[in-house]
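The values are calculated or read from the model by the stated rules, or taken from the named source; none is laboratory data. Source: prediction; values computed, not measured. Cβ placement follows ideal geometry from the backbone for every residue including glycine, while neighbour counts extend to all protein chains displayed.
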Amino acid sequence: MMREQLNQWDFVLMAYGVGVVALAMLIAWAWRSMARAEARRDAVRRR
Amino acid sequence: MHIYANPTRFLSLARWLTPLLFWSGLALSVGAVAWGLFMVPPDRLMGDTVRILFIHVPAAWLGMGGWAGIAISSAMLLIWKHPLAALAARAIAVPGMVFCAICLATGSIWGRPTWGTWWEWDGRLTSMLVLLFLYAGYIALTEAAEKEGSSTKIAAIFGMVGAVNVPIINRSVVWWNSLHQPPSITAGKSAIEATFLVPLLIAVVGFSLLFGAIVLMRMRALIAQAQVEARLRRRALDDDAPAMAAATPAMEQA
């Protein structure tokens, strides 16, 4: 019987790669949009 | 909860809670993932792919938990008209969708070496995919309501109706026994060995704290945007007032 030989660590690293990149992008976007919105609010208040 | 209906009071709490949740969540998540990747032994049946569960399970929990949060916030908006409830639901939507997508992607990657397939139209996988589409629909609805200035009630009703999918996801492995394994952790007992369970629970707590920090960041951004719009609108009205007052006698004479 033919059986595929898969390196399980390749899949582990792929899963963590996808998860970490997605999470890093989400955090960066959330932080940046918060910092920009609060800076704009402070600028409008000062005007 | 009504104490925090005042945005100023809410912001004073959110300002110190955001970094606290973020850094504690990051430390716990990184610690639990490192524990799962390098210290846990390979599973007897799953081998090294068991390590994927330390990101897959928290993502699944937060994908479902996110929608539960949207449903609770929507109920608070419809029943008590809590002013921050609509903002909270909007703030949860994108992080919830990202965690739902991470759950589907990591589950698919886990499935290839374990089940021999990237995807199966199994009850759990399909209902989780439906949840991803529900998130997309909810985000589209709230964006449209924001742009066109229409009521937030439609999105709130959608948020509450969509919550019916959460118990379906939870019970799917019992109702349609297919490739996905039955629940491993139920109230009061666990089929998972303590070696795997402890880092898994730490990962769930860590990612939940991170999720909370991201939701607070989104809420702070949405509140700041609303405050800018309100101030600019008020200023425009103030600028128009003298012109209107000058025009009124002339109009009366005419």
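Can you tell me which residues in segment B:90-147 are of a type in the set (Ser, Thr, Tyr) and under 24 Å from A:Ile27 (Cβ atoms)?
Initial filter on segment B:90-147 (of a type in the set (Ser, Thr, Tyr)): B:106, B:108, B:114, B:117, B:126-127, B:135, B:138, B:142.
Matches in segment B:90-147: B:Thr106, B:Ser108, B:Tyr135, B:Tyr138, B:Thr142.
Could you tell me which numbered condition B:Thr106 fails, if it satisfies all but one of (1) under 30 Å from B:Ala5 (Cβ atoms); (2) over 13 Å from the mean Cα position of the chain (by Cα); (3) not hydrophobic (A, V, I, L, M, F, W, C)?
It fails just one condition, (1).
If I filter segment B:7-18 for residues that are more than 12 Å from chain A (Cβ to nearest Cβ), farther than 28 Å from B:Trp119 by Cα and touching a residue at least 12 places away in the same chain (Cβ under 8 Å), do I get at least one hit? Steps first, answer last, please.
Let us first name the residues in segment B:7-18 that are more than 12 Å from chain A (Cβ to nearest Cβ), namely B:8-10, B:12-13, B:16-17.
Remaining after also requiring farther than 28 Å from B:Trp119 by Cα: B:8-10, B:12-13, B:16-17.
Of the ones still in play, those that are also touching a residue at least 12 places away in the same chain (Cβ under 8 Å) are B:10, B:17.
Checked segment B:7-18: at least one residue is more than 12 Å from chain A (Cβ to nearest Cβ), farther than 28 Å from B:Trp119 by Cα and touching a residue at least 12 places away in the same chain (Cβ under 8 Å).
For segment B:38-64, how many residues meet the condition of being of a type in the set (D, E, K, R), farther than 22 Å from B:Met128 by Cα and touching a residue at least 12 places away in the same chain (Cβ under 8 Å)?
Matching residues across segment B:38-64 total 1.
For B:Val98, only one of the following conditions fails: (1) under 14 Å from B:Gly63 (Cα atoms); (2) more than 13 Å from chain A (Cβ to nearest Cβ). What is its number?
(2)
Residue by residue through segment A:4-47, note down the ones that are of a type in the set (Val, Ile, Thr) and more than 22 Å from B:Val94 (Cα to Cα).
Filtering segment A:4-47 for residues of a type in the set (Val, Ile, Thr) gives A:12, A:18, A:20-21, A:27, A:44.
Of everything in segment A:4-47, those that are of a type in the set (Val, Ile, Thr) and more than 22 Å from B:Val94 (Cα to Cα) turn out to be A:Val12, A:Val44.
Restricted to segment A:3-28, and to residues that are of a type in the set (Phe, Trp, Tyr) and surrounded by 17 or more Cβ atoms within 10 Å (Cβ to Cβ), which residue is farthest from B:Val33 (Cα to Cα)? Spell out the reasoning first.
Step one: of segment A:3-28, the residues of a type in the set (Phe, Trp, Tyr) are A:9, A:11, A:16.
Going one step further and asking which of them are surrounded by 17 or more Cβ atoms within 10 Å (Cβ to Cβ), we end up with A:11, A:16.
Values: A:Phe11: 15, A:Tyr16: 9 Å.
Among those that are of a type in the set (Phe, Trp, Tyr) and surrounded by 17 or more Cβ atoms within 10 Å (Cβ to Cβ), it is A:Phe11.
Sort through A:Ala30, A:Ala35, A:Ala24 and tell me the only one that's small (Gly, Ala, Ser), free of Cβ contacts under 8 Å to residues at least 40 places away in the same chain, in a helix (DSSP H, G or I) and more than 9 Å from chain B (Cβ to nearest Cβ).
Details: A:Ala30 fails: more than 9 Å from chain B (Cβ to nearest Cβ); A:Ala35 fails: more than 9 Å from chain B (Cβ to nearest Cβ).
Just one listed residue meets the conditions, A:Ala24.
Looking at (1) at pLDDT 90 or above; (2) farther than 18 Å from B:Trp67 by Cα; (3) among the β-branched types (Val, Ile, Thr), which one does B:Val173 not meet, given that it meets all the others?
B:Val173 satisfies all of (1) at pLDDT 90 or above; (2) farther than 18 Å from B:Trp67 by Cα; (3) among the β-branched types (Val, Ile, Thr) except (1).
Pick from segment A:1-21 the residues that are at the interface with chain B (Cβ under 7 Å from one of its Cβ atoms) and over 18 Å from B:Leu104 (Cβ atoms): which of them is modelled with the lowest pLDDT?
Keep residues of segment A:1-21 that are at the interface with chain B (Cβ under 7 Å from one of its Cβ atoms), which gives A:6, A:8-9, A:11-12, A:14-16, A:18-19.
Add one more test, that the residue is over 18 Å from B:Leu104 (Cβ atoms), and what stays is A:6, A:8-9.
On the way: A:Leu6: 80, A:Gln8: 91, A:Trp9: 94.
By that ranking, first place goes to A:Leu6.
Have a look at B:Leu53, B:Leu45 and point out the one that is out of contact with any Pro (no Cβ under 8 Å at 6 or more places or on another chain) and in a helix (DSSP H, G or I).
B:Leu53
Quickly run through segment B:80-102 and pick out the residues that are over 30 Å from B:Thr8 (Cα atoms) and crowded, with 23+ Cβ neighbours inside 10 Å. Full working, then the answer.
Restricting attention to segment B:80-102, the residues satisfying the condition of being over 30 Å from B:Thr8 (Cα atoms) are B:100-102.
Result: B:Cys100, B:Ile102.
When segment B:41-79 is examined, which residues are found to be charged (D, E, K, R) and either closer than 21 Å to B:Phe22 by Cα or surrounded by 24 or more Cβ atoms within 10 Å (Cβ to Cβ) (or both)?
So the first thing to find is which residues in segment B:41-79 are charged (D, E, K, R), and the list is B:43-44, B:48, B:51.
Matches in segment B:41-79: B:Arg51 only.
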